[in-house]
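Below is one structure, written out as structure tokens; the observations come after it.
The values are calculated or read from the model by the stated rules, or taken from the named source; none is laboratory data. None of these values were measured; they are calculated from a predicted model. So basically every Cβ, Gly included, is an ideal-geometry build from the backbone, and we count neighbours across all protein chains shown.
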Amino acid sequence: MEGTRTIPLAVPNLSSKILENIKETIETGWVSTGGRFIKEFEKKIADYVGVKRAVSCQSGTAGLHLALRVLGIGHCDEVIVPTVTFIAAVNPVKYMNAEPIFIDCDDSLNIDASKLEEFLEDQCHYIDGKVINKKTRKQVKAIVVVHVFGNPANMEKLMKIKEKYKLRLVEDATEALGSYYLKGKYAGKHCGTIGDIGVYSFNANKIITTGGGGMIVSNHDELLEDMAFLSLQAKTDPLYYIHDDIGYNYRMTNIQAAFGVEQIDRIEDFIQAKINNYNLYREGIKNIEGLGLLPFREDTRANHWFYSIVIDEKKYGMDRDELLVRLNKCGIQTRPLWGLIHKQRPYLGALSYKIEKAFIYEKGLLNLPCSSNLTKEDISFVIRHLRLAKNKPC
């Protein structure tokens with residue numbers, strides 16, 4: 001092993017300029033769910049992704065919960081979801097006492113639009129404007145689309161399906177802030193701004209961070225109003241504390257937003273750094289037999305949030321898990337793909353449809369270090385150990 005060098009998988013890229021904002025929150029006392037930075041951050045995100053308004057919230061998961069709530073998802077409803085995603089994209093379906101239906105991924109790791117359409121055509125009836133699952137007799141009401149690792153999903157086809165079957169569509173863009181389409185019907189549109197509601201996340205490993213927190217966008221003003229209302233405990237009269245509905249404590253704090261207003265100003269620099277680093281990885285890995293760097297869609301400007309290699313065990317000489325262990329022993333933090341959600345204990349009884357490709361990626365995919373402050377030396381170190389791993393112990 002070369003010294004004690006450690007290259008983390010994904011860490012935030014923070015500036016000391018944030019300290020001035022934090023100082024202001026302390027001096028003014030606005031450290032909780034009020035203060036000027038919240039509104040400023042909401043406006044900056046809205047301007048950046050090209051929508052009229054954004055509503056901040058406690059987390060991406062909270063945003064997805066609010067989205068399903070205002071779209072009327074409830075008991076006995078079904079929601080189509082991907083199996084390749086972080087579990088937080090699916091859990092809000094259960095929060096609403098609804099049931100998920102899991103669909104396979106395509107080679108971008110995103111939900112397979114063709115299999116989704118096939119499921120709706122073959123496994124459902126379309127009666128009086130409603131999609132009814134033939135097997136369960138329940139109504140399929142919505143689709144949750146996740147833009148996995150910042151790689152934009154095929155929204156043009158997905159939106160055609162949504163409109164054909166009169167479904168609601170939520171974009172989980174928690175990994176895709178800054179990703180947008182270059183061609184087609186949605187050229188210039190950012191991920192998260194096309195469906196009924198879009199949600200972003202600012203966890204520490206995201207493209208920008210507030211340490212936590214999320215943001216909701218929509219082209220439907222009434223939905224945004226409802227989500228903002230519910231996120232503040234559904235307080236109808238703030239003076240006399242009148243509550244006309246069951247709400248949630250889902251608002252972002254001013255301290256989090258103080259991070260965000262500085263971070264969003266740097267996002268294009270972060271994305272360019274990630275693109276440059278991805279290209280360095282691609283050049284270094286292209287001649288390593290048995291390894292392939294997962295591409296981003298060429299008809300989009302992806303934010304290149306996570307970098308993924310796919311290991312061909314026979315050609316490379318070892319499987320994904322052995323490589324993961326060896327790289328971590330060398331101080332290179334790596335991570336496998338999430339366990340497929342339809343195989344997780346809470347969802348073992350849920351419906352799934354023709355899941356095939358997801359198993360291949362679950363077995364063979366590995367995420368490499370991808371922080372926006374990664375150096376060329378860091379990338380060279382990783383590539384060198386990818387070459388050496390099967391022949392030389394760390």
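A few remarks follow.
- Of all residue pairs spaced 6 or more apart or on separate chains, those with beta-carbon atoms under 6 Å, a first member in the stretch 180-195 that is within 26 Å of VAL55 (Cβ to Cβ) and a second member that is part of a loop (DSSP other than H, G, I, E, B) and among the aromatic types (Phe, Trp, Tyr) are ILE194/TYR186.
- The set of residues in the stretch 84-134 being touching a residue at least 40 places away in the same chain (Cβ under 8 Å), touching a Gly at 6+ places or on another chain (Cβ under 7 Å) and surrounded by fewer than 16 Cβ atoms within 10 Å (Cβ to Cβ) is empty.
- Restricting ASN287, ASN303, ASN277 to residues that are touching a residue at least 12 places away in the same chain (Cβ under 8 Å) and either part of a loop (DSSP other than H, G, I, E, B) or among the charged types (D, E, K, R) (or both) narrows the list to ASN303.
- Among residues of the stretch 40-65, those that are without any contact (Cβ under 8 Å) to a residue 24 or more places away in the chain and surrounded by 13 or more Cβ atoms within 10 Å (Cβ to Cβ), counted: 1
- For the stretch 252-259, the count of residues that are in contact with a helix residue (DSSP H, G or I) (Cβ under 9 Å, 6 or more places away or on another chain), within 30 Å of LYS376 (Cβ to Cβ), in a helix (DSSP H, G or I) and modelled with pLDDT of 95 or more is nonzero.
- Of all residues in the stretch 165-184, none satisfies being on the phi < 0 side of the Ramachandran plot, aromatic (Phe, Trp, Tyr) and part of a loop (DSSP other than H, G, I, E, B).
- The listed residue being under 25 Å from the mean Cα position of the chain (by Cα) and in the same structural domain as TYR165 (by TED's automatic domain parsing), out of ILE22, ILE26, ILE7, ILE87: ILE87
- Residue within the stretch 17-32 that is touching a strand residue (DSSP E or B) at 6+ places or on another chain (Cβ under 6 Å), in contact (Cβ under 8 Å) with a residue 12 or more places away in the chain and in a helix (DSSP H, G or I) present: no
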